[in-house]
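To start, the structure itself, in structure tokens.
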Amino acid sequence: MGGCFSDVKGGKQAVGGARHQQQRPINSDAVELFNRSRGVYPLYTPLELSLSSTNLLDRDITSKSDPMVVVYVKRGDGKLEELGRTEVILNSLNPAWIEKITVSYQFEVVQPLIFHVYDVDTKYHNVNVKTLKLEDQEFLGEGSCVLSEIVTKQSRSLTLNLHSRSGRGGLRDFGTLTVHAEETMASKSVVEIKFRCSQLENKDVFSKSDPFLRVSRIVESGGSVPICKTEVVDNNLNPIWKPLSLSMQQFGSKKDDQPFWIYHFVLYRKLQKSVADLERLYKERSGVNFVIPSSHGHEKDLKGQLFVDQFNEKQQFSFLDYISSGFELNFMVAVDFTASNGNPHQHDSLHYIDPYGRLNSYQQAITEVGEVIQFYDADKRFPAWGFGGRTAGGPVSHCFNLDGTATGFEVEGVQGIMTAYASALHNVSLSGPTLFGPVVNGAAEIAGNSLFHNNNKYYVLMIITDGILTDLQETTDAFVRASDLPLSVLIVGVGSADFKQMEILDADNGLRLSSSTGRVATRDIVQFVPMREVQSGRISAVQSLLEELPGQFLSYMRCRDVMPLTVHAAQSSAPQL
């Protein structure tokens, strides 16, 4: 989601040009679901998988096996979807296949991969592998992993022990399969473009117009999705904007058949141009007129023109560059123990633990988000807190250790969080009010202290709550302070409460958070999802929560010129000339 608006006031708020004003924000999740229902999906990172094996079973009598690998991804319903097949390597028990398998990496989804190795019968050696009937080939072994397990390795390689279909190989050695993942260079390509306009029409009465541009990607359905916008230039009919960066994931390619809408707010006029068109404008030093569309099919050229003063292609470090070099995402959880959740022993309570194993909303959020992030945390020890509850007959606490100890705020793994949560429901009295400030400050303190010890950790705090905040301004102040730290905050709203406050905290509506002292947040670090508005079967809560996290991670790294660890180490060890 981006800070894109249909008026100048909105545009200024997106870049800090106007003071924060309380108003009803746009429901970002509703907008996103609307886009998805029309074929607009998140942008993926294309990866190429290279495969090799050692010590495969020999199924042939007079020669060695002729192996081929079939790669599948397991969908949420348990069904396998084939991603691709390698070529057949003749007479080899230690093959290295040339054919790459392409997979779309998506951070916010756990992507289980299944690998089946076959010995292809000699009579099929001249047959296209895509048409082979697998039941006619001899099975050599199976391996499986999660894509995140591969990309978090420094080598981006993972070796799997092959086994039988049943998973029980006994004493038999089925050999190994090594999987190596590589991003295509195109996925790291970025185009930096600097726009200016000349002789724009003035729309203001007592001053000159305050223009800005918005760039939108045209999707297959014919609609458009905003991807970036310029800042607002006050009182200027010949504005020059700061450069915009468009990634390959955003613009797809430089082909003329993949255009963008460049929309001029204030004039309410737009242009349809591809990245290749913009490059031509730059090279030819020529401008293009904004037009007024007509229902009769005729367009009227306006006097005002758009120019491209800068067009630079470059390579940028990607999210996976940082992760595979050793950067970690450290997961934290804070659970709401206010009385509005209802008595945990009653069926209608949001904290009710179902004896038949059906997860409540708190358990569902912990499990689904934790299952994704755990692969990016090396020691899998997670800080877990509660707030709004009264522990051991003491005063109400707004940041207590979920496991009930005085000092051990970390628990072991996702199951450790679930166990500590269930135990706390027996030992903590629900109370109130709902305060976020203490847990946000606690997470920020940990993130801040990490800067003095190492620089390879980024923290992700998930707050699960059912209530209306009592300390909205204090929470806002805490978020603004934390926007300078390696920290993102995920807020999950459960139950039927009014969550307008949470939508204000989520800067997807373009209103950059402002503290009580007038300081504007450095960047957007909050993502909010109400569980009740997650459309069944279309997108899960975890996808809505996590899809912005890689971008928030990169915004922190790039604005501080932090490089992947392997690059930094190489530069530090390079001889000085």
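The values are calculated or read from the model by the stated rules, or taken from the named source; none is laboratory data. What you see is a predicted model; the values in this text were computed from it and never measured. All Cβ positions, even for glycine, are placed from backbone atoms using ideal geometry, and neighbour counts span all protein chains on display. Accessible surface is based on the protein model in full, side chains and every heavy atom, while ligands, DNA and RNA are left aside. Shrake-Rupley method; radii C 1.70, N 1.55, O 1.52, S 1.80 Å.
In the range 77-116, which residue that is of a type in the set (Gly, Ala, Ser) and under 17 Å from CYS145 (Cα atoms) is surrounded by the fewest Cβ atoms within 10 Å (Cβ to Cβ)? Selected residue: GLY78.
Taken over the range 378-402, the criterion of being small (Gly, Ala, Ser) and either crowded, with 20+ Cβ neighbours inside 10 Å or in a strand (DSSP E or B) (or both) is satisfied by ALA384, GLY386, GLY388, GLY389, SER397.
Residues that are part of a loop (DSSP other than H, G, I, E, B) and open to solvent by 60 Å² or more (accessible area, probe 1.4 Å) within the range 135-167 comprise LYS153, GLN154, SER155, ARG165, SER166, listed in sequence order. Against the condition among the polar types (S, T, N, Q) and without any contact (Cβ under 8 Å) to a residue 12 or more places away in the chain, how does ASN454 come out, does it pass? So ASN454 fits the description; yes. The helices (runs of 4 or more DSSP H) found entirely in the range 405-496 that carry 3 or more residues being under 17 Å from TRP385 (Cα atoms) are 413-427, 437-453.
Residue-by-condition table, conditions (1) within 18 Å of LEU49 (Cβ to Cβ); (2) modelled with pLDDT of 95 or more; (3) not aromatic (Phe, Trp, Tyr):
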{"residue": "GLU82", "(1), (2), (3)": "yes, yes, yes"}
{"residue": "SER104", "(1), (2), (3)": "yes, no, yes"}
{"residue": "ASN128", "(1), (2), (3)": "no, no, yes"}
{"residue": "THR131", "(1), (2), (3)": "no, no, yes"}
{"residue": "GLU149", "(1), (2), (3)": "yes, yes, yes"}
{"residue": "THR159", "(1), (2), (3)": "yes, yes, yes"}
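Scan the range 327-377 for residues that are under 19 Å from LEU402 (Cβ atoms) and assigned to a strand (DSSP E or B) and jot them down. Correct list: ASN330, PHE331, MET332, VAL333, ALA334, VAL335, ASP336, THR338. In summary, strands (runs of 3 or more DSSP E) completely within the range 79-134 and bearing 1 or more residues that are free of Cβ contacts under 8 Å to residues at least 60 places away in the same chain and of a type in the set (Ser, Thr, Tyr) occur at 101-105, 112-119.
Given GLU410, GLU445, which one is over 18 Å from PHE337 (Cα atoms), open to solvent by 30 Å² or more (accessible area, probe 1.4 Å) and modelled with pLDDT under 95?
Working: GLU445 fails: modelled with pLDDT under 95.
Step by step, each of GLU410, GLU445 is checked, and only GLU410 is over 18 Å from PHE337 (Cα atoms), open to solvent by 30 Å² or more (accessible area, probe 1.4 Å) and modelled with pLDDT under 95.
Return the residue satisfying two criteria in turn: it lies in the range 45-76 and is of a type in the set (D, E, K, R) and in contact with a Leu (Cβ under 8 Å, 6 or more places away or on another chain), and of such residues it is surrounded by the most Cβ atoms within 10 Å (Cβ to Cβ). Give the derivation first.
Here is the first cut: in the range 45-76, the ones of a type in the set (D, E, K, R) are 48, 58-60, 64, 66, 74-75.
Cutting the leftovers down to in contact with a Leu (Cβ under 8 Å, 6 or more places away or on another chain) gives us 58-59, 64, 66, 74.
On the way: ASP58: 14, ARG59: 16, LYS64: 17, ASP66: 22, LYS74: 16.
This residue is ASP66.
Every listed requirement among (1) more than 21 Å from CYS228 (Cα to Cα); (2) of a type in the set (Ser, Thr, Tyr); (3) at pLDDT below 75; (4) within 24 Å of the chain's Cα centre (by Cα) is met by TYR322 save one, (3). The set of residues in the range 213-246 being in contact with a Ser or Thr (Cβ under 7 Å, 6 or more places away or on another chain), open to solvent by less than 60 Å² (accessible area, probe 1.4 Å), at pLDDT 75 or above and not hydrophobic (A, V, I, L, M, F, W, C) consists of SER216 alone.
Do you know which of the residues in the range 185-209 that are at pLDDT 80 or above and surrounded by 16 or more Cβ atoms within 10 Å (Cβ to Cβ) is farthest from LEU306 (Cα to Cα)? Checked the range 185-209; the qualifying residue farthest from LEU306 (Cα to Cα) is VAL190.
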